[in-house]
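*Asks:* Okay, here's the structure, questions in a sec.
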Amino acid sequence: MPIRPILRYPNPGLKTVCAPVTAFDASLAELADDLLATMRAAPGVGITAAHIGVFLRITVLELGRADGVRLYVNPQITWRSQETMSHAEGSVSMPGATEEVTRPRAIGFRYQDAGGNVHEEAAEDFLAICLQHEIDQLDGIFWLQRLSRLKRDRLVKRWEKMQG
């Protein structure tokens with residue numbers, strides 16, 4: 001489980017739309033393990049393969065050690081609630097930078113597990129926010145794109161100052 005280098009904002013790879021996973025084999029399990037190790041080292045609660053420059057639709061979440069690790073392969077949102085909530089978001093690709101983002105409070109989603117089995121679930125609150133954030137990344141939408149232009153510009157300026 002090596003820790004892999006994370007693409008840093010504004011790397012153009014962070015705008016890449018990821019391809020579906022078609023091989024459910026040992027290399028997928030190895031990638032999932034590497035993602036978990038990399039996410040924990042960052043640290044973060046979610047990471048996609050795109051964050052490490054592997055443009056496949058896979059994400060790993062660990063909202064807390066007690067919640068366990070969740071692996072989602074080829075996730076897609078099937079419905080979104082009308083009710084929204086705001087939550088501070090950030091990215092392993094922009095460590096130390098956070099801003100409030102408003103998203104649907106609940107979602108329905110479909111995904112595959114490491115064996116290729118299809119699952120359909122619903123999520124709400126923090127889990128729903130995290131899934132939307134990571135699925136956006138798989139779709140080539142970096143979280144900054146969910147901010148108003150003013151908030152985005154301010155955050156990017158702060159980020160650039162933090163980088164020296």
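*Asks:* Would you confirm, using the coordinates I've provided, whether Val60 is assigned to a loop (DSSP other than H, G, I, E, B), under 19 Å from Leu14 (Cβ atoms) and among the β-branched types (Val, Ile, Thr)? If you could, list the steps in order and put the result at the bottom.
*Replies:* Working: assigned to a loop (DSSP other than H, G, I, E, B): no; under 19 Å from Leu14 (Cβ atoms): yes; among the β-branched types (Val, Ile, Thr): yes.
So Val60 fails the test.
*Asks:* Looking at the range 142-164, I want the residues that are over 24 Å from Cys18 (Cα atoms) and have a partner that is surrounded by fewer than 17 Cβ atoms within 10 Å (Cβ to Cβ) with Cβ atoms under 6 Å, at least 6 apart or on another chain. Which pairs are those?
*Replies:* Sorted first by the residue in the range 142-164, then by its partner, the pairs are Met162/Gly96.
Each row is one residue, and each column tells you yes or no for (1) outside any strand (DSSP E or B); (2) of a type outside the set (Ser, Thr, Tyr).
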residue	(1), (2)
Ile6	yes, yes
Ser27	yes, no
Leu35	yes, yes
Val54	yes, yes
Pro75	no, yes
Ala88	no, yes
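*Asks:* Would you point out the residue of the range 1-49, among those that are polar (S, T, N, Q) and surrounded by 13 or more Cβ atoms within 10 Å (Cβ to Cβ), that is farthest from Gly96 (Cα to Cα)? Give the derivation first.
*Replies:* Taking the range 1-49 and keeping what is polar (S, T, N, Q), we get 11, 16, 22, 27, 38, 48.
Pick out the ones that are also surrounded by 13 or more Cβ atoms within 10 Å (Cβ to Cβ) and you get 11, 16, 38, 48.
Values: Asn11: 17, Thr16: 23, Thr38: 16, Thr48: 18 Å.
Ranking the candidates gives Thr16 first.
*Asks:* Turning to a different aspect of this structure: Every residue in the range 11-25 that is in contact (Cβ under 8 Å) with a residue 60 or more places away in the chain and in a loop (DSSP other than H, G, I, E, B), please.
*Replies:* Asn11, Thr16, Val17, Cys18, Val21, Phe24
*Asks:* Of a type outside the set (Val, Ile, Thr), within 29 Å of Gln163 (Cβ to Cβ) and more than 16 Å from the chain's Cα centre (by Cα): which single residue out of Met39, Met1 fits that description?
*Replies:* Within the list Met39, Met1, the selection yields Met1.
*Asks:* A further question on this structure: Considering the range 130-164 alone, what residues qualify as being in a helix (DSSP H, G or I) and under 10 Å from the mean Cα position of the chain (by Cα)?
*Replies:* If the condition is that a residue be in a helix (DSSP H, G or I) and under 10 Å from the mean Cα position of the chain (by Cα), then Cys130, Leu131, Gln132, His133, Glu134, Ile135, Asp136, Gln137, Leu138, Trp143 are the ones that fit.
*Asks:* Exactly one of (1) surrounded by 12 or more Cβ atoms within 10 Å (Cβ to Cβ); (2) among the charged types (D, E, K, R); (3) in contact (Cβ under 8 Å) with a residue 40 or more places away in the chain is unmet by Glu62. Its number?
*Replies:* So Glu62 meets the others, but not (3).
Here, each number is a calculation from the coordinates, and none is a lab measurement. On a predicted model such as this, the values are computed, not experimentally measured, just so you know. Glycine gets a Cβ as well: all are built from the backbone with ideal geometry, and neighbour counts include every protein chain shown.
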